[in-house]
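Novice: Handing you a structure now.
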Amino acid sequence: MRHIGQIYIDGAFVRPYGTEVQDLINPATGKIIGRVTLGNAEDVRRAVEAAKRAFPAFARISKRERIALLRHLHDTVRARTDALTLAAVQEYGGPITWTQPRSLAAAAYFADMATVLENYEFTRRIRTAEVVMEPLGVAGLITPWNSSHGFICSKLATAIAAGCTAVIKPSELSAIQTQVLLEALHEAGVPPGVFNIVNGRGDVVGAEITAHPDIAKISFTGSTVVGKGILRTGAQTMKRVTLELGGKSPTVILDDADFAQALPLAIAAGFQNSGQACIAGTRILVPQDRMEEACRLAAGAIRTVRVGDPRDPATAIGPMVSRKQYDRVQRYIRLGLEEGARLIVGGEGHPEGLEDGFFVKPTLFGHVSNDMTIARDEIFGPVLCLLGYRNEEEAVAMANDTTYGLQAYVISSDAERARAVASRLQAGRVLINGLHHEPLAPFGGFKQSGLGREFGAFGLEAFLEPKTVLGAHRAA
């Protein structure tokens with residue numbers, strides 16, 4: 001049993017003013033594995049004060065110094081990869097085949113931003129003007145529970161690269177991940193106040209960060225509902241806001257695809273992180289006249305998917321993060337049945353032999369129409385829908401008929417045709433014939449999947465404000 005009773009302010013581990021204690025539960029067993037004392041609004045105010053004090057000096061350090069700091073942070077976090085992976089597996093049940101690469105990626109974000117800085121010009125000439133990209137100030141970084149340490153690293157790396165200081169609110173469900181990461185970050189010797197971490201609930205700590213007048217920038221990853229609230233509150237003090245929100249990603253399987261390969265790939269896209277991923281391809285679009293074939297092949301692929309102990313490398317789907325999330329997924333499965341979708345595999349209840357944890361049966365519905373609730377809402381679990389289209393035009397229209405637009409997938413034997421379809425999809429990222437990733441390319445969503453972009457130079461500029469200086473140069 002681990003008790004986390006400190007937060008991190010001004011370069012030191014301190015006891016929070018907050019007194020609320022929350023249990024940390026291993027979702028694979030349903031048992032308590034730790035407790036965390038949560039911070040409150042006063043703790044946020046202390047953290048903001050520390051970040052505000054640190055900002056003037058930190059904003060002036062050279063690009064070379066920031067690059068060196070980022071590379072050192074990469075090394076210290078990289079050394080804790082195994083501990084971070086174990087914490088993620090225990091805390092939210094992420095399969096080790098998912099969490100281990102994400103722990104490596106968490107460290108890599110610092111190296112990636114160092115690479116971005118090497119080629120980034122903060123001062124540019126535009127005719128008679130000098131344009132200087134300056135750090136915004138104190139940034140509020142709010143992260144979710146699904147791979148919390150990765151989100152903390154990506155956002156903090158970007159803030160540091162820009163010269164911003166930060167106040168971080170991780171998910172209260174991720175306190176062990178946060179503690180392991182915090183020990184690594186502290187070891188790196190970052191100047192006091194440059195980053196501060198306050199564990200706490202969104203309606204307390206998150207709300208204070210969002211409303212605080214000395215926070216200049218918010219970077220939030222989480223649900224669309226919460227993101228809208230952050231946007232409304234942040235507008236009162238004109239905060240710059242980056243929101244990476246929900247998704248209901250389509251996987252468009254074109255009629256020329258090899259279905260024997262396409263359906264397993266689509267299932268893998270949908271079951272990423274046990275379905276608890278905003279990028280999961282949970283709507284699979286297939287030609288209507290091949291629906292039965294698609295149902296058969298998809299069901300076969302799902303029956304080979306291992307559900308169980310997330311520590312086992314053979315496991316593809318672990319438990320839902322909490323009883324609340326388990327109940328939410330069960331409700332959506334019932335809704336699918338009530339609305340007339342055909343259950344192909346899975347269904348309500350626990351998988352056999354996994355009754356103690358928050359495990360869900362990998363579930364596939366066929367013959368789903370795009371107006372059904374299970375095709376509209378982000379379920380955040382291993383529940384997929386097969387939808388039929390009559391032609392390519394209808395496939396594109398159906399894929400875009402959603403309030404979301406975070407990621408999309410296209411599968412085809414013709415790369416040029418796939419690229420043409422990808423160009424018509426309303427999504428921040430489109431993946432063709434595979435589960436690809438480029439950490440320096442921008443990531444973010446269209447429509448209600450968010451505002452702005454993260455990663456690479458696009459993400460860096462979200463923490464910068466351009467200042468135009470005139471009169472320093474004369475036209476040639």
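Quick note: the coordinates plus some simple rules give every number you see, no bench work behind them. Model, not experiment: these values are computed from the prediction. So basically every Cβ, Gly included, is an ideal-geometry build from the backbone, and we count neighbours across all protein chains shown.
Novice: Roughly how tilted is helix 323-338, in degrees to the nearest 10 and between 0 and 90, from the longest Cα axis of the chain?
Specialist: Helix 323-338 sits roughly 40 degrees off the main axis of the chain.
Novice: Rounded to the nearest 500 deg cm²/dmol, what is the calculated helix-only ellipticity per residue at 222 nm for the chain, with -39500 (n - 2.57) per DSSP H run of length n ≥ 4? Spell out each step's value before the answer.
Specialist: Details: 15 runs with 183 residues, N = 476.
Result for the chain: -12000 deg cm²/dmol, rounded to the nearest 500.
Novice: According to the square roots a ≥ b ≥ c of the eigenvalues of the Cα gyration tensor, what is the shape class of segment 16-142, taking rounded for a/c under 1.5, prolate for a/b larger than b/c otherwise, and oblate for the remainder?
Specialist: Values: a/c = 3.09, a/b = 1.58, b/c = 1.96.
Oblate, because a/c is 1.5 or more while a/b does not exceed b/c.
Novice: How much length would be gained if the chain were fully extended between R127 and S223, taking 0.36 nm per residue of separation minus their Cα-Cα distance, in nm to one decimal? Spell out each step's value before the answer.
Specialist: Numbers: separation 96, 0.36 × 96 = 34.56 nm, distance 4.33 nm.
Value of the extension gain: 30.2 nm.
Novice: Given labels modelled 7 Å from the Cα in the Cβ direction, how far is it in nm from H3 to S413?
Specialist: Each label point lies 7 Å from its Cα, and together they span 6.5 nm.
Novice: Taking the Cα centroid of segment 406-460 and of segment 107-156, what is the distance between the two, rounded to the nearest whole Å?
Specialist: Result: 21 Å between the Cα centres.
Novice: From the C-alpha coordinates alone, can you work out the Kirkwood hydrodynamic radius of segment 250-432, in Å?
Specialist: Values: mean 1/r = 0.0615 Å⁻¹.
About 16.3 Å for segment 250-432.
Novice: Quick one: if the Förster radius is 35 Å, what FRET efficiency do T97 and R331 give, using the C-beta to C-beta distance and rounding to 0.05?
Specialist: Numbers: r = 28 Å, r/R0 = 0.80.
Calculated value: 0.80.
Novice: What shape does segment 302-361 take by its C-alpha gyration tensor, where a ≥ b ≥ c are the square roots of the eigenvalues and a/c under 1.5 counts as rounded, a/b above b/c as prolate, and the rest as oblate? Present the calculation step by step, with values, prior to reporting the outcome.
Specialist: Working: a/c = 2.55, a/b = 1.48, b/c = 1.72.
Oblate.
Novice: Taking just the alpha carbons, could you work out the radius of gyration and Dmax for segment 168-274, both in angstroms?
Specialist: 19.3, 58
Novice: A follow-up question, please. Sequence-distant or interchain residues sharing an amide H contact under 5 Å with L431, placed H: which?
Specialist: Under 5 Å from the amide H of L431 lie the amide H atoms of A408, Y409, V410, each far enough along the sequence or on another chain.
Novice: Going down the table (K63/K248; K239/K324; K52/K467; K63/K228; K31/K248), which pairs top 28 Å between alpha carbons? Present the calculation step by step, with values, prior to reporting the outcome.
Specialist: Values: K63/K248 39 Å; K239/K324 32 Å; K52/K467 20 Å; K63/K228 34 Å; K31/K248 31 Å.
Flagged as over cut-off: K63/K248; K239/K324; K63/K228; K31/K248.
Novice: Same structure, new question: So how far apart, in nm, are the two label points at A457 and F13 if each is 7 Å from Cα heading toward Cβ?
Specialist: The modelled label-to-label distance comes out at 4.1 nm.
Novice: Moving on. Hey, with R₀ at 45 Å, roughly what FRET efficiency would A235 and N119 work out to, going by the Cβ-Cβ distance, to 0.05?
Specialist: Details: r = 34 Å, r/R0 = 0.75.
With a Förster radius of 45 Å, E is 0.85.
Novice: Just to verify a number: FRET efficiency for E338 and T304, C-beta to C-beta distance, R0 = 25 Å, to 0.05?
Specialist: Calculated transfer efficiency: 0.30.
Novice: Also, quick follow-up: For the chain, with only Lys/Arg (+1) and Asp/Glu (-1) charged at the beta-carbon, what is the dipole magnitude about the Cα centre, in debye rounded to 20? Don't skip to the answer; put the middle values down first.
Specialist: Working: 51 positive and 50 negative charges, 267 e Å.
Rounded to the nearest 20 debye, it is 1280 debye.
Novice: Would you mind calculating the relative contact order of the chain from Cα pairs under 8 angstrom and at least 6 residues apart, reporting the percent as a whole number?
Specialist: Details: 1126 pairs, mean separation 87.0, N = 476.
After rounding, I find 18 percent.
Novice: In what sequence do E20, E91 fall when counting other Cβ within 10 Å, fewest first? Write down the numbers at each step before the final one.
Specialist: Details: E20 14, E91 26.
In order of increasing Cβ crowding within 10 Å: E20, E91.
Novice: Which one of T85, A415, A262 has its Cα pushed farthest toward the positive end of the charge dipole of the chain, where Lys and Arg give +1 and Asp and Glu give -1 at the Cβ?
Specialist: With unit charges placed on the Cβ atoms, the residue in question is T85.
Novice: Right, something else. Restricting the count to DSSP beta bridges whose residues both fall in the chain, what percent are antiparallel, rounded to a multiple of 5?
Specialist: Details: 27 of 66 bridges.
Here the share of antiparallel DSSP bridges comes out near 40 percent.
Novice: Using alpha-carbon positions, what is the distance between the centroids of segment 183-218 and segment 32-92, in Å?
Specialist: After rounding, the separation between the Cα centres reads 8 Å.
Novice: Right, here's the next one. Tell me whether the chain comes out rounded, prolate or oblate; compute the Cα gyration tensor, take square roots of the eigenvalues as a ≥ b ≥ c, and use a/c under 1.5 as the rounded threshold.
Specialist: Verdict is oblate for the chain.
Novice: Taking only the C-alpha atoms, wrap a convex hull around segment 1-82 and report its volume per residue in Å³ as a whole number. Mind dumping the intermediate values first?
Specialist: Details: hull volume 10.5 nm³, N = 82.
So the per-residue hull volume is 128 Å³.
Novice: Could you tell me what fraction of 2.2 N^0.38 Å the Cα radius of gyration of segment 100-252 comes to, as a two-decimal ratio?
Specialist: Details: Rg = 16.4 Å, N = 153, 2.2 N^0.38 = 14.9 Å.
This ratio for segment 100-252 stands at 1.10.
Novice: Next question. So if each residue of separation counts as 0.36 nm, and I subtract the Cα-Cα distance between R424 and A260, what length gain in nm does that give?
Specialist: On the way: separation 164, 0.36 × 164 = 59.04 nm, distance 2.56 nm.
Once the chain is fully extended between R424 and A260, it gains 56.5 nm.
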